[in-house]
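Trainee: Supplied in structure tokens, the structure appears directly below.
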Amino acid sequence: MSLSSARSASGTASRVRAGRMDSHQFGDRLLLGLVILLAILWTVPLVWVLGLSFKPNDVLMHSTGGILSAPFTLKNYADILASSNVFTWILNSIIVSGGQTVLTLVVCSLAGYGFARTEFPFKGVIFALVLAGLAVPEQAIVIPLFKMFADINLHNTYAALILPRLAVPFGVFLMTQYFRAVPREIEEAALLDNASRLKIFLVVVLPLSIPAQATLGIYTFLASWNDYLWPLISASKPEMFTLTVGLASTQMNFAQSEGIGFLMAQAIFAGLPILILYLFFQRHIVTAVAGTTVR
Amino acid sequence: MGRIELVGVTKRFGTAEVIPELSLEIEPGEFAVLLGPSGCGKSTLLRMMAGLEALTAGEIHIGGRRVDGLPPGQRGVAMVFQSYALYPHMSVADNLAFGLRNIGMAKEEIATRTREAARILEIEHLLERKPMQLSGGQRQRVAIGRAIVKEPQAFLFDEPLSNLDAALRARTRVEIARLHQRMGSTMIFVTHDQVEAMTMATRIVVLNKGRIEQIGSPLEIYRRPATRFVAGFIGTPGMNFLPVDMAEGAGGHAEVVLPGGTRLATGIPSRNLPSNAGSLTLGVRPEAVRVNPDGPVKAEVEFVEHLGDRTHLHVALPGGAQLVVEDAGESVVRAGEHIALTADGARLHLFDAADRAYSAA
């Protein structure tokens with residue numbers, strides 16, 4: 001090959017590379033633009049709610065537009081601190097969601113380890129029954145559940161809000177699969193290291209399942225925090241409302257009560273704990289979502 | 001340092017018998033290698049000694065104590081797994097100390113033993129690291145260290161070199177052998193790799209289908225295989241097998257007729273062979289045959305493998321039988337050439353129909 005033809009070939013190659021680079025960069029920019037657009041679309045309602053929460057109620061009675069123009073007020077937030085039940089509802093939600101998360105992790109981990117590593121009669125059948133729970137819609141069991149808790153006089157208690165949600169077939173399945181993936185040799189090494197079965201579970205296997213625990217914990221907490229149907233049915237006293245039920249109750253009374261600005265301030269206030277939780281556990285939440293959707 | 005005794009050990013998985021009644025004695029301080037192909041039951045046997053697999057029948061004694069009813073942690077053995085099986089969330093120091101803490105050993109004693117094991121294995125600088133931060137070879141050392149700190153009656157190694165690359169495997173092999181020399185402990189090493197077995201063992205136990213084919217020193221196993229299976233399993237390239245007929249030999253030694261009609265004298269005493277031997281198989285290792293222009297066996301070279309220090313010639317005998325022959329590293333023999341071969345009669349083996357071996361005295 002002559003020098004000139006070599007140069008020409010090398011020029012062609014670099015043009016092809018540049019062309020590829022350009023189309024690659026264009027794709028990236030298009031994707032970035034789309035993501036920004038979607039983020040804006042998703043953020044607009046939140047910004048709207050935030051803006052409305054700083055507007056006086058009497059102004060909002062006339063129009064809910066113009067959130068960026070004066071007048072602004074902090075009265076809606078001051079009213080929350082002074083009069084609203086929202087603190088009680090947030091506390092209830094924290095107790096219920098926190099309790100549910102901790103207990104779900106305990107139950108699902110133990111059940112998962114049992115299914116993954118121990119042998120007992122009818123294990124396959126019992127595991128299939130647990131998984132069958134995935135196919136039963138929540139609405140189908142509401143009435144028997146309501147009657148059961150009514151019979152034992154537990155409605156309007158934390159126990160009634162937490163206990164029915166501890167049966168999490170997905171959680172058992174997730175933990176079972178995770179424990180199955182832990183190399184058996186690690187547990188055998190622990191057996192040779194004189195560890196009891198309980199110690200192996202607590203000290204060797206459980207710490208290895210932290211990623212799965214984080215996934216399950218985050219999902220459970222978020223699902224519990226946003227749960228509406230069962231708390232609406234079980235908690236009839238306002239002091240036992242969770243945040244979702246409490247906020248819904250104020251929206252229903254909107255016409256004769258606090259006004260839209262106050263309502264928006266309540267929504268912002270209610271969203272703060274979950275926002276803080278997200279900021280702290282952002283990495284785990286992203287991993288959890290990615291881990292369960294992209295296999 | 002304990003003696004290990006297996007008496008009538010049997011293992012069945014459902015109806016499948018993996019180990020039919022097997023008895024074996026391993027002396028204190030011995031480096032015994034359980035060698036065999038995949039699925040021969042060698043790992044199962046080791047796991048039964050460790051207590052990780054229940055016996056269907058039989059007894060296991062370690063250090064004079066019957067242990068087959070005891071849980072793994074109380075048998076006085078330590079095991080090094082193929083995958084290392086380190087606790088990923090614990091530091092190297094914690095990995096070493098975990099077993100000692102579980103038996104309630106004093107902190108000072110744990111620290112002393114951990115330091116000493118780390119010193120022997122040259123992993124003192126790694127004690128605070130997690131297994132994820134270690135290379136394969138370092139992980140292997142930690143796994144061995146975890147066994148050393150326990151000062152067990154016996155070390156059990158379950159193919160611990162399989163996950164290492166060739167160079168590291170060779171180095172670790174020497175280190176384990178050196179460790180055995182230094183500690184003088186009883187070690188049982190499971191492998192399917194004959195090189196590992198030959199280089200490390202004081203005694204090799206060759207297993208096939210759950211049965212012991214032969215027990216002996218590495219050279220004994222190599223030079224005087226008890227069965228055709230052992231003869232074929234040991235040695236790379238493997239022993240050549242040729243169907244032969246018996247002929248009247250001189251001086252009380254057997255003579256055989258090769259497929260092409262060539263007679264070959266062996267060093268095997270005729271009286272050792274069964275009178276109704278019938279069809280026999282000749283076993284000859286590649287290095288027992290040499291290229292010799294005056295040799296009695298004529299062959300055609302089909303393929304030549306130059307390995308540097310030696311050359312392997314793949315040849316065809318007049319009857320069509322194939323043979324691998326070892327030649328010098330600088331061999332000039334080329335494919336397609338017709339050559340003559342000679343065999344060292346003292347290094348020939350005969351196998352009867354039941355695959356029993358007959359070797360020169």
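The values are calculated or read from the model by the stated rules, or taken from the named source; none is laboratory data. Since the model is a prediction, treat every value here as computed from it, not as a measurement. So basically every Cβ, Gly included, is an ideal-geometry build from the backbone, and we count neighbours across all protein chains shown.
Trainee: Taking region B:200-232 only, how many residues are closer than 19 Å to B:Ile4 by Cβ and part of a strand (DSSP E or B)?
Mentor: Here the count works out to 10.
Trainee: Would you confirm, using the coordinates I've provided, whether B:Phe155 is within 13 Å of chain A (Cβ to nearest Cβ), modelled with pLDDT of 95 or more, closer than 22 Å to B:Pro72 by Cα and touching a strand residue (DSSP E or B) at 6+ places or on another chain (Cβ under 7 Å)?
Mentor: On the way: within 13 Å of chain A (Cβ to nearest Cβ): yes; modelled with pLDDT of 95 or more: yes; closer than 22 Å to B:Pro72 by Cα: yes; touching a strand residue (DSSP E or B) at 6+ places or on another chain (Cβ under 7 Å): yes.
Yes.
Trainee: To continue, here is another question. Can you go through B:Val301, B:Val325, B:Val332 and tell me which one is farther than 23 Å from B:Phe229 by Cα, β-branched (Val, Ile, Thr) and modelled with pLDDT of 95 or more?
Mentor: Of the residues listed, the single one that is farther than 23 Å from B:Phe229 by Cα, β-branched (Val, Ile, Thr) and modelled with pLDDT of 95 or more is B:Val301.
Trainee: Restricting to region B:158-181, name every residue that is within 14 Å of chain A (Cβ to nearest Cβ) and part of a loop (DSSP other than H, G, I, E, B).
Mentor: B:Glu159, B:Pro160, B:Ser162, B:Asn163
Trainee: On to the next question. Being modelled with pLDDT of 90 or more, outside any strand (DSSP E or B) and touching a Leu at 6+ places or on another chain (Cβ under 6 Å) is the requirement here; does B:Ala197 meet it? Break it down into steps so the answer makes sense when it comes.
Mentor: On the way: modelled with pLDDT of 90 or more: yes; outside any strand (DSSP E or B): yes; touching a Leu at 6+ places or on another chain (Cβ under 6 Å): yes.
Taking the combined requirement at face value, the residue satisfies it.
Trainee: Quick check on B:Gly216: is it under 12 Å from the mean Cα position of the chain (by Cα), within 27 Å of B:Val9 (Cβ to Cβ) and surrounded by fewer than 21 Cβ atoms within 10 Å (Cβ to Cβ)?
Mentor: Answer is yes for this residue.
Trainee: Of all the residues that make up region B:50-59, how many are hydrophobic (A, V, I, L, M, F, W, C) and either over 20 Å from B:Val18 (Cα atoms) or within 11 Å of chain A (Cβ to nearest Cβ) (or both)?
Mentor: Selection size over region B:50-59: 2.
Trainee: Still on this structure, please answer the following. Residues in region B:60-111 that are assigned to a loop (DSSP other than H, G, I, E, B), within 10 Å of chain A (Cβ to nearest Cβ) and within 23 Å of B:Met1 (Cβ to Cβ): how many?
Mentor: 4
Trainee: Looking at B:Gly2, is it modelled with pLDDT of 95 or more and either in a strand (DSSP E or B) or more than 14 Å from chain A (Cβ to nearest Cβ) (or both)?
Mentor: Against the criterion (modelled with pLDDT of 95 or more and either in a strand (DSSP E or B) or more than 14 Å from chain A (Cβ to nearest Cβ) (or both)), B:Gly2 does not qualify.
Trainee: Which residues, counting only those in region B:255-275, are in a loop (DSSP other than H, G, I, E, B) and under 14 Å from B:Tyr358 (Cβ atoms)?
Mentor: Passing the criteria: B:Leu273, B:Pro274, B:Ser275.
Trainee: Confirm whether B:Ala357 is touching a Ser or Thr at 6+ places or on another chain (Cβ under 7 Å), part of a strand (DSSP E or B) and at negative phi. Steps first, answer last, please.
Mentor: Working: touching a Ser or Thr at 6+ places or on another chain (Cβ under 7 Å): yes; part of a strand (DSSP E or B): yes; at negative phi: yes.
When the stated conditions are applied, B:Ala357 passes them.
Trainee: Something else about it: Here are the criteria: (1) more than 10 Å from every other protein chain (Cβ to nearest Cβ); (2) in a helix (DSSP H, G or I). Tell me which single one A:Leu154 does not satisfy.
Mentor: Exception for A:Leu154: condition (2).
Trainee: Considering each residue of region A:202-244, count those that are surrounded by fewer than 22 Cβ atoms within 10 Å (Cβ to Cβ), within 14 Å of chain B (Cβ to nearest Cβ) and without any contact (Cβ under 8 Å) to a residue 60 or more places away in the chain, and give that number.
Mentor: Number satisfying all stated conditions: 5.
Trainee: Residue by residue through region A:175-196, note down the ones that are more than 10 Å from every other protein chain (Cβ to nearest Cβ), surrounded by fewer than 22 Cβ atoms within 10 Å (Cβ to Cβ) and hydrophobic (A, V, I, L, M, F, W, C).
Mentor: Passing the criteria: only A:Ala181.
Trainee: Also, I was wondering about something else. Just one of (1) part of a helix (DSSP H, G or I); (2) crowded, with 20+ Cβ neighbours inside 10 Å; (3) at the interface with chain B (Cβ under 10 Å from one of its Cβ atoms); (4) not aromatic (Phe, Trp, Tyr) trips up A:Lys199, so point out which.
Mentor: Condition (2) is where A:Lys199 drops out.
Trainee: To continue, here is another question. Within region A:86-97, does at least one residue satisfy the condition of being under 27 Å from A:Ala160 (Cβ atoms), in contact with a Gly (Cβ under 6 Å, 6 or more places away or on another chain), part of a helix (DSSP H, G or I) and not charged (D, E, K, R)?
Mentor: Yes; the residues of region A:86-97 include at least one that is under 27 Å from A:Ala160 (Cβ atoms), in contact with a Gly (Cβ under 6 Å, 6 or more places away or on another chain), part of a helix (DSSP H, G or I) and not charged (D, E, K, R).
Trainee: Hey, does region A:114-132 have a residue that's at negative phi and within 21 Å of the chain's Cα centre (by Cα)? I'd like the intermediate steps shown before the answer.
Mentor: Step one: list which residues in region A:114-132 are at negative phi, which gives A:114-121, A:123-132.
Still in the running and within 21 Å of the chain's Cα centre (by Cα): none.
No, because not a single residue in region A:114-132 is at negative phi and within 21 Å of the chain's Cα centre (by Cα).
Trainee: Could you tell me whether B:Leu121 is under 22 Å from A:Leu202 (Cα atoms), crowded, with 16+ Cβ neighbours inside 10 Å and either more than 10 Å from every other protein chain (Cβ to nearest Cβ) or not small (Gly, Ala, Ser) (or both)?
Mentor: For B:Leu121, the condition - under 22 Å from A:Leu202 (Cα atoms), crowded, with 16+ Cβ neighbours inside 10 Å and either more than 10 Å from every other protein chain (Cβ to nearest Cβ) or not small (Gly, Ala, Ser) (or both) - is not met.
Trainee: Further, regarding this structure: Taking the options B:Thr15, B:Thr10, B:Thr56, name whichever one is touching an Asp or Glu at 6+ places or on another chain (Cβ under 6 Å), surrounded by fewer than 21 Cβ atoms within 10 Å (Cβ to Cβ) and of a type in the set (Ser, Thr, Tyr).
Mentor: Checking each option against the conditions leaves just B:Thr10.
Trainee: Please verify whether B:Thr227 is in contact with an Asp or Glu (Cβ under 8 Å, 6 or more places away or on another chain) and among the hydroxyl-bearing types (Ser, Thr, Tyr), treating the condition exactly as stated.
Mentor: yes
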